[in-house]
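To keep things clear, I will list the structure first and then write my remarks on it.
The values are calculated or read from the model by the stated rules, or taken from the named source; none is laboratory data. What you are looking at is a predicted structure, and each value in this text was computed from that prediction instead of being measured. Cβ placement follows ideal geometry from the backbone for every residue including glycine, while neighbour counts extend to all protein chains displayed. Ligands, DNA and RNA are excluded from the accessible area calculation, which covers all protein heavy atoms including side chains. Shrake-Rupley method; radii C 1.70, N 1.55, O 1.52, S 1.80 Å.
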Amino acid sequence: MAHNILIVDDSTIVRKSLRKALALLAIDLGEVFEASNGKEALEVVSKHALDLVFLDLNMPIMTGMEFIKIVRDDKLLDNTPIVILSTEGSEIRSRELAQLGVAKQLRKPARPEALTEVITDIFDEGKE
């Protein structure tokens, strides 16, 4: 089954780099969508079925935290796996993200091996 993924980051370079890294992984990749902020990401999730969201926290217009809270309050979207990809990594923020049901957290820049491990874990969990 092909996996649809959304990349949400205000940096075009980060989005392109992550898209390239995903293309190199040994996963059945469906569509890869991009958004530059949480508001654009909400538009994507309202129109497309997604298997995974990579999300930055610090973005203009709508932050990653605002996006997560809206998605988690929507019964149709609340189980969508979200992986944080951010430079932010405080213990307090990590606990808050875990309480919101974030699947994984990676620090930027993420190594390809870390991406592979996270994606494998998430998609393997869905097979159980």
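The residue that is nearest to residue 66 (Cα to Cα), counting only those in the range 31-43 that are assigned to a helix (DSSP H, G or I) and open to solvent by less than 20 Å² (accessible area, probe 1.4 Å), is 38. Within the range 1-30, the set of residues being part of a strand (DSSP E or B) and either surrounded by fewer than 13 Cβ atoms within 10 Å (Cβ to Cβ) or basic (Lys, Arg) (or both) is empty. Name the single residue, out of those in the range 97-118 being assigned to a loop (DSSP other than H, G, I, E, B) and not basic (Lys, Arg), that is surrounded by the fewest Cβ atoms within 10 Å (Cβ to Cβ). Result: 109. Restricting 55, 77 to residues that are modelled with pLDDT of 85 or more and surrounded by 14 or more Cβ atoms within 10 Å (Cβ to Cβ) narrows the list to 55. Quick one: would you say residue 107 is over 14 Å from the mean Cα position of the chain (by Cα) and at pLDDT 80 or above? For residue 107, the condition - over 14 Å from the mean Cα position of the chain (by Cα) and at pLDDT 80 or above - is not met.
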